[in-house]
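Down below is the structure, laid out as structure tokens.
Just so it is clear, none of the values below were taken in a lab; they were calculated from the coordinates. The shown structure was predicted, so the numbers you read here are calculated from the model rather than taken from an experiment. Here the Cβ is made from the backbone with ideal geometry for all residues, glycine too, and neighbour counts use every protein chain on show.
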Amino acid sequence: MADTDMHDVQDGIPADLDRRLVLATQAGLPLHARPYHWLAMELGVSPELVMDRIRAMLDDGRIRRIGVLPNHYRLGYVANGMSVWDIPDDIVGEVGEQVGALKSVTHCYRRPRHLPDWPYNLFAMVHGRDRAQVLEEVASIAALLGDRARAHDVLFSTRILKKTGLRIGG
């Protein structure tokens, strides 16, 4: 075997397999009953190796997560309201966990305030079929929080932005 060929395979694994896996999946997993088997066929390796490599990349942090990103618009949820909340800093973590666990909230996170203009430190995205539904859900959150929320507002999306993660070039 030539010197250059020795670097192409390491421990029986093609050296560039992880990169090829990321490139093949960064726009999403293929819509097949057995996506890892389909990827294996495309990449010329076994399905077990594909699953092992993805598991290894998850374990060492090169891939943070694999999840579903629904297209809310196609599902009929065309109103998107980012509710923003002014929560005392000493309880924002506890309140954030409570709000984030609500069925109506798709994601919830803490952000720094920018006083005096922006007092909000907790953000919670709510989707609805129309703005009235979003406002009802936000009112329910406000009732749940009571005086723990000193103020809140809702910012509605005005256009669709393409959601993608970090992409690497081929």
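DSSP loop (so not H, G, I, E, B), at most 10 other Cβ within 10 Å: list which trypsin sites (Lys or Arg not before Pro) in the range 15-61 pass both filters.
Sites meeting the loop and neighbour criteria: none at all.
Computed from the alpha carbon atoms alone, the convex hull of the chain holds 178 Å³ per residue. Model label sites at M51 and I13, defined 7 Å from Cα along the beta-carbon direction, differ in position by 1.6 nm.
For the chain, adding -39500 (n - 2.57) for each run of n ≥ 4 DSSP H residues and dividing by the number of residues yields -10000 deg cm²/dmol at 222 nm. Hey, quick one: spin label on Q133, modelled 7 Å out along Cα-Cβ, who in the range 69-111 has an amide N within reach, i.e. under 18 Å? What the label zone holds, given the 18 Å backbone N cut-off, is 70-83, 102-107.
Length gained on full extension, R110 to A27: 27.1 nm, using 0.36 nm per residue less the C-alpha separation.
More than 19 angstrom separation, counting every C-alpha pair in the range 79-156; what % is that?
26 percent
Looking at the range 38-121, which chymotrypsin sites (Phe, Trp or Tyr not before Pro) are DSSP coil and have at most 14 other C-beta atoms within 10 Å of their C-beta? Taking the range 38-121 and a limit of 14 other Cβ atoms within 10 Å, the loop chymotrypsin sites (Phe, Trp or Tyr not before Pro) found are Y73. Between E42 and D59, the contour length at 0.36 nm per residue exceeds the Cα-Cα span by 3.7 nm. With K and R counted +1 and D and E -1, the other residues having a Cβ less than 12 Å from that of R129 yield a net charge of -2.
Along its first, second and third principal axes, ordered by size, the range 13-59 spans 26, 19, 17 Å in Cα coordinates. Here the 3J(HN,Hα) profile of the range 143-148, calculated from phi with Karplus coefficients 6.51, -1.76 and 1.60 at θ = phi - 60°, is 5, 4, 6, x, 7, 5 Hz, Gly and Pro shown as x. Here the 3J(HN,Hα) profile of the range 129-136, calculated from phi with Karplus coefficients 6.51, -1.76 and 1.60 at θ = phi - 60°, is 6, 7, 5, 4, 5, 4, 5, 4 Hz, Gly and Pro shown as x.
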